[in-house]
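Note sheet for the following structure.
The values are calculated or read from the model by the stated rules, or taken from the named source; none is laboratory data. Predicted model only: the values in this text are computed from it and were never measured. Glycine gets a Cβ as well: all are built from the backbone with ideal geometry, and neighbour counts include every protein chain shown.
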Amino acid sequence: MVSFKDLPEEELFLAGSTACQGCPSSLALRIAFKALGSNTILIVVASCTSVLQGSYPLSAIDLPLMNVAFATGGASASGVVAGIKALAKRGELEEEPTVLVWAGDGGTYDIGIQSLSGAAERGTDFIYVCYNNEMYSNTGTQRSGATPLGAWTTTTPGGKAQHRKDIAQIMIAHRIPYVATVSLAYPLDFYQKMQKAKSIKGTKYIEMLAPCPPGWKFPSSQMIEVSRMAVQSGMWLLYEHEDGETRFTGATKRMIEGKVKKKPVKDYLEIQGRFRQILASPEGQEAEDMLESEVSESIRRLQGWVPEYI
Amino acid sequence: MSHDEDSVGYMTSVSRPVKGCAGNTGEWRIFRPVKDDEKCNNCLLCWVFCPEASITKDTLEIDYQYCKGCGICEVECPTGAIVMVKEEKR
């Protein structure tokens, strides 16, 4: 069992970056780098991380890093991996580096899905991390394919009318060797899943819920608490998919097994400002019920439930 | 930025990693985390959850030059050893 004491002390994400107070991406990068080590090449898809990694001539990340356009996460990784293979063939590499793509939900769910899908289909050997803050936070909080039903964004002022899509399931459908979801409230689970992803060959997809304090409208000090509540209410399910099987992990496993009682979705909605409009409106109860049934439907689907179509 | 032979020779725009690439981000702080060593039980939670890498692992010291004062350490500390105190006028 890994404990906090086993986490390396070395920081590859350097203090004093341009990230907001309590930024989930900077914390996630810290933990991911601890798991992957310094022999890593980072590819940053256009997102907040393109900003917080620093502006020329300074960088906050002590790794080889490449900034790429929104739609090119998977394509860039394919190119870098091909380059590594060529160097390894010529005997110019002692140890092959890990290729890590770091993209937001906009660069994954909406704009980057075709290149990610292509790279996954080709079986490119890299880790793709989507830090999902459920909106386009970098450009001022517009709706994305990951925004949940009822959430306020600048383009859904009355609350989003549609459900979010489940991209981890789309990645599982690519038959890649490893898919996992993680939460910042459970850093050891995150650390171990990253280490596991590093040890597996092929395309690995990891998705993390990234509660964005200014975008979701809650105080920066509550960032971990909101992450934890998302898991405890079932709005974010922790699982990993390996060898054709899906397993719930950590806090979600305890919840499914009935060892811990599931908290109502309302507890999660009420600690954020982005659901204030919908909860105050006449449709508030309906949205809450729809999200609650979205949670139970997701759990049933992950348990292998096959919907009965008429 | 000095233009040494290397950077001119390659003509690339490579950034170099440095602490504080956004300046002394400690100046952003409105509340300052203050740690009570007697209450601290060295659980390392504040070190793990610090988004800014501003707490050292071995001594759990807070680097006030870069700490942005987000307050996560106060909320997550199980023994209440970290308290946020309003910054005084600089």
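When the test is whether a residue is more than 8 Å from chain A (Cβ to nearest Cβ) and surrounded by 15 or more Cβ atoms within 10 Å (Cβ to Cβ), B:Cys73 passes it. Of all residues in segment A:191-222, which are of a type in the set (A, V, I, L, M, F, W, C), assigned to a helix (DSSP H, G or I) and in contact with a helix residue (DSSP H, G or I) (Cβ under 6 Å, 6 or more places away or on another chain)? Across segment A:191-222, the qualifying residues are A:Met194, A:Trp216. Residue count for segment A:233-285, restricted to those that are charged (D, E, K, R) and touching a Ser or Thr at 6+ places or on another chain (Cβ under 9 Å): 6.
Within segment A:160-190, if we keep just the residues that are surrounded by 21 or more Cβ atoms within 10 Å (Cβ to Cβ) and aromatic (Phe, Trp, Tyr), the residue that is nearest to the chain's Cα centre (by Cα) turns out to be A:Phe190. Selection over segment B:26-54 of residues that are in contact with an Asp or Glu (Cβ under 8 Å, 6 or more places away or on another chain), closer than 19 Å to A:Tyr186 by Cα and either in a strand (DSSP E or B) or not aromatic (Phe, Trp, Tyr) (or both) gives a count of 3.
Quick one: would you say A:Val44 is under 16 Å from A:Val129 (Cβ atoms), assigned to a helix (DSSP H, G or I), modelled with pLDDT of 95 or more and of a type in the set (A, V, I, L, M)?
The answer is no for A:Val44.
Here A:Phe70 clears all of (1) surrounded by 15 or more Cβ atoms within 10 Å (Cβ to Cβ); (2) modelled with pLDDT of 95 or more; (3) away from every other protein chain (no Cβ under 14 Å) except the condition numbered (2).
Considering only residues in segment B:12-26 that are surrounded by 16 or more Cβ atoms within 10 Å (Cβ to Cβ) and within 14 Å of A:Glu11 (Cβ to Cβ), the one that is farthest from the chain's Cα centre (by Cα) turns out to be B:Pro17. Going through (1) away from every other protein chain (no Cβ under 14 Å); (2) surrounded by fewer than 17 Cβ atoms within 10 Å (Cβ to Cβ); (3) assigned to a loop (DSSP other than H, G, I, E, B); (4) of a type in the set (S, T, N, Q) one by one, A:Thr124 falls short only on (2). Just one of the numbered conditions (1) in a loop (DSSP other than H, G, I, E, B); (2) modelled with pLDDT of 95 or more; (3) over 16 Å from A:Thr147 (Cα atoms) is not true of A:Gly258: (2).
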